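Asker: Handing you a structure now.
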Amino acid sequence: MLLDVYQDVIWWSVGIFVVVEALLLFAVLRFRRRPDDTGMPDQVHGHTALEVGWTLIPAAILFFIAIPTVRTIFLTQRDPPPQADALQVSVVGHQWWWEFQLPELGVVTANELHLPRGRTVLFTLTSADVIHSFWIPRLGGKRDLNPGEENRIWFTPDSIGVYEGQCAEFCGASHANMRMRIFVDEPDAFERWVETLKGPAPIDTTGFTTFLASGCAACHAIAGTPAQGKIGPTLTGVGRRTTIAAGILPNTPEHLANWLRSPDSVKPGALMPDLNMSETRIDTLVTFLYGLQ
């Protein structure tokens, strides 16, 4: 639906460009000043037919663009059909990361989301702070996330793959660093991903003690543990993610250590404080976080 509208608008734009440029070249060549021209050219006062034409023609073009656009807006704003058995996903935008909640499955994750191929997904969108915009170009559609309000968007992913997403509404210093990854899996692979997040993660006692002593639990949650912070992204299954810092860095020990040393230098304006941790404590935390599979 959306692609059809985009294509229609592109072809109308191409046609308008060709006509306008042709008229411009005609005017430049036809009415250019010649060496034998003397004095002022004939002074005229408008042309009624031209005035009416270039008013009515753009209005007609806008009409033909507006009708399918409005129809598509209403189609994409409605809920999916009941028989679609849509997977419910609540998306909360934060400065500058994404929270994904799958309430019917009891799963919460951040920045990376897995979806089953062939099943309709209904996203309910809101923001915890400022206006963000949920945009995954290859899956189609873009919708704003507004504080205190809910928007919706739905689609049915039909191809296995990894789809990059991005906040598309300026939301502060690290707006460009607010990214996401959507993984479309076969249904059985999706179920396995869900089970890994629901099951109790093996906890390294020394690492978890360091995690608590460093104050990390004040902001971050780990399912099945006393760490239930709500300010920052959940760290449940963080060791399995392919990226950290909302998609801007590969999930490697080196990058994770740099992030723990100085979040603001990695991501300008990051709300995670610099805890001034020793290298020994950083190494312990990196090992612990990678164990959260």
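Asker: Give the number of residues within the stretch 155-189 that are under 14 Å from the mean Cα position of the chain (by Cα) and either in a strand (DSSP E or B) or surrounded by fewer than 18 Cβ atoms within 10 Å (Cβ to Cβ) (or both).
Answerer: Total satisfying the criteria: 14.
Asker: Among the candidates Arg192, Arg143, Arg138, single out the residue that is exposed (fewer than 15 other Cβ atoms within 10 Å of the Cβ), touching a strand residue (DSSP E or B) at 6+ places or on another chain (Cβ under 7 Å) and either free of Cβ contacts under 8 Å to residues at least 40 places away in the same chain or in a loop (DSSP other than H, G, I, E, B) (or both).
Answerer: When all the criteria are applied, what remains is Arg138.
Asker: Here are some conditions: (1) buried (at least 18 other Cβ atoms within 10 Å of the Cβ); (2) hydroxyl-bearing (Ser, Thr, Tyr); (3) over 21 Å from the mean Cα position of the chain (by Cα); (4) not assigned by TED's automatic domain parsing to the domain that holds Ser278. Thr210 meets all but one. Which one does it not meet?
Answerer: Failed condition: (4).
Asker: In the stretch 197-240, what residues are closer than 17 Å to Glu112 by Cα and part of a loop (DSSP other than H, G, I, E, B)?
Answerer: Within the stretch 197-240, His220, Ile222, Ala223, Gly232, Pro233, Thr234, Leu235, Thr236, Gly237 meet the criteria.
Asker: Hey, another quick one. Being modelled with pLDDT of 90 or more and either in contact with a Gly (Cβ under 9 Å, 6 or more places away or on another chain) or within 15 Å of Leu102 (Cα to Cα) (or both) narrows it down to one residue among Ile203, Ile182; which is it?
Answerer: Step by step, each of Ile203, Ile182 is checked, and only Ile182 is modelled with pLDDT of 90 or more and either in contact with a Gly (Cβ under 9 Å, 6 or more places away or on another chain) or within 15 Å of Leu102 (Cα to Cα) (or both).
Asker: Something else: Listed residues Leu289, Leu275, Leu271; which is out of contact with any Lys or Arg (no Cβ under 7 Å at 6 or more places or on another chain), farther than 20 Å from Ala176 by Cα, in a loop (DSSP other than H, G, I, E, B) and of a type in the set (A, V, I, L, M)?
Answerer: On the way: Leu289 fails: in a loop (DSSP other than H, G, I, E, B); Leu271 fails: farther than 20 Å from Ala176 by Cα.
Exactly one of Leu289, Leu275, Leu271 is out of contact with any Lys or Arg (no Cβ under 7 Å at 6 or more places or on another chain), farther than 20 Å from Ala176 by Cα, in a loop (DSSP other than H, G, I, E, B) and of a type in the set (A, V, I, L, M), namely Leu275.
Asker: Follow-up question, since we're still on this one. Does Ala66 satisfy being part of a helix (DSSP H, G or I) and surrounded by 10 or more Cβ atoms within 10 Å (Cβ to Cβ)?
Answerer: For Ala66, the condition - part of a helix (DSSP H, G or I) and surrounded by 10 or more Cβ atoms within 10 Å (Cβ to Cβ) - is met.
Asker: Search the stretch 4-54 for residues being surrounded by 10 or more Cβ atoms within 10 Å (Cβ to Cβ) and among the hydroxyl-bearing types (Ser, Thr, Tyr), and hand back the single one that is nearest to Gly141 (Cα to Cα).
Answerer: Tyr6
Asker: Please enumerate the residues belonging to the stretch 213-231 that are within 22 Å of Trp97 (Cα to Cα) and surrounded by fewer than 18 Cβ atoms within 10 Å (Cβ to Cβ). Can you show your working first?
Answerer: If we filter the stretch 213-231 for residues that are within 22 Å of Trp97 (Cα to Cα), which is where we start, we get 214-223, 227-231.
Answer for the stretch 213-231, where residues must be within 22 Å of Trp97 (Cα to Cα) and surrounded by fewer than 18 Cβ atoms within 10 Å (Cβ to Cβ): Ser214, Gly215, Ala218, Cys219, Gln228, Gly229, Lys230, Ile231.
Asker: Something else about it: Identify, from the list Gly106, Gly118, the residue that is assigned by TED's automatic domain parsing to the domain that holds Ile182, more than 23 Å from Gly224 (Cβ to Cβ) and surrounded by fewer than 16 Cβ atoms within 10 Å (Cβ to Cβ).
Answerer: Criteria check complete, one pass: Gly118.
Asker: Tell me, yes or no, whether the stretch 115-133 has at least one residue that is within 21 Å of Thr69 (Cβ to Cβ), assigned to a loop (DSSP other than H, G, I, E, B) and of a type in the set (Asp, Glu).
Answerer: no
Asker: Against the conditions (1) under 22 Å from the mean Cα position of the chain (by Cα); (2) over 22 Å from Pro273 (Cβ atoms), where does Leu235 fall short? Just the number, please.
Answerer: The failed condition is (2).
The values are calculated or read from the model by the stated rules, or taken from the named source; none is laboratory data. All of these numbers come straight from a predicted model, not from anything done at the bench. Every residue, glycine as well, gets a Cβ built from its backbone with ideal geometry; the counts of neighbours run over all protein chains shown.
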